[in-house]
1. In the stretch 247-272, what count of residues is obtained for those that are part of a helix (DSSP H, G or I), surrounded by 13 or more Cβ atoms within 10 Å (Cβ to Cβ) and away from the ligand (no atom under 16 Å from the Cβ)?
2. Among (1) assigned by TED's automatic domain parsing to the domain that holds residue 58; (2) part of a helix (DSSP H, G or I), where does residue 130 come up short?
3. If I go through the stretch 273-296 residue by residue, how many of them are farther than 21 Å from residue 117 by Cβ, touching a helix residue (DSSP H, G or I) at 6+ places or on another chain (Cβ under 8 Å) and away from the ligand (no atom under 16 Å from the Cβ)?
4. Restricting to the stretch 195-232, give me the number of residues that are more than 16 Å from residue 251 (Cβ to Cβ) and away from the ligand (no atom under 16 Å from the Cβ).
5. Go through (1) surrounded by fewer than 15 Cβ atoms within 10 Å (Cβ to Cβ); (2) over 30 Å from residue 22 (Cβ atoms); (3) modelled with pLDDT under 95 and name the single condition residue 102 misses.
6. Take the residues in the stretch 164-188 that are more than 16 Å from the chain's Cα centre (by Cα) and assigned to a helix (DSSP H, G or I); name whichever of them is surrounded by the fewest Cβ atoms within 10 Å (Cβ to Cβ).
7. Has the stretch 202-221 got any residue that is part of a helix (DSSP H, G or I) and more than 39 Å from the chain's Cα centre (by Cα)?
8. Can you pull out every residue in the stretch 6-20 that is modelled with pLDDT under 80 and farther than 12 Å from residue 73 by Cα?
Ligand SMILES: [Zn+2]
């Protein structure tokens, strides 16, 4: 895991009480150092069997900080790398407050779900992870770059390829500043390499029209007509269509409407079309291999191992 829960048993600074989760009947005190907030949660106020396990997991994780820690406001468990808003979301989930929201209102902010996902991983609560992943899976507000970032951070492997491909097939200039921040330097580096390699391939296709090996039925005259049609109709899509978004049909569709098309013999057309198809397949392989390389360097197995160890067996 890149990230570990940072718990310490130190004399706490003066902490202000959480507005939402400082319960009079609470039995566990947690101090959030980043925001200077003290929580008091009631581990006995369970509302469902599912969250009981989560709450027990939270309690045992926090109380591992040391004997007596977390039992009084003066000796809270101190968390260093958790924000108060994240702990709020986790408490909301564990108190099962979200379960009371009706299906029609069951739309949560991406930030809130991302916070719950992080808390689920840090505190080893598989139900919280599954709950967040299921809602993020088709969330309309989750951008491809952020989904990819969550996928890499928390080992949600099913999101990796679809999110990355969605980024590949758009012009780099269309990525927002937020997208580039979520994508991070390693993803941006892979994206730039893919685009650069494909630009090179496309330029070469523009300069050297693909020709198959064929026994021309028109005394080898087809090559001139084919080259002229290629330069007229294929140049623009090759130069301006993003990687992975172009098909053989896109490139050759307009050929048939041109009056000189009939000068190309059938044998040459079939053979040249196969050559175009092979070059576009090469583009597809180039993208797949760059994504596979990136995936292999992520050491997903390590993150997946952690998730499986804590009992998360959801999306693979
Ligand atoms: Zn021919």
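The values are calculated or read from the model by the stated rules, or taken from the named source; none is laboratory data. Please read all numbers here as calculations on a predicted model, not as lab measurements. Cβ placement follows ideal geometry from the backbone for every residue including glycine, while neighbour counts extend to all protein chains displayed.
1. So the count comes out to 4.
2. (1)
3. Residues in the stretch 273-296 being farther than 21 Å from residue 117 by Cβ, touching a helix residue (DSSP H, G or I) at 6+ places or on another chain (Cβ under 8 Å) and away from the ligand (no atom under 16 Å from the Cβ): 11 in total.
4. Residues meeting the conditions: 5.
5. (2)
6. Looking at residues that are more than 16 Å from the chain's Cα centre (by Cα) and assigned to a helix (DSSP H, G or I), I get 173.
7. no
8. 6, 7, 8, 9, 10
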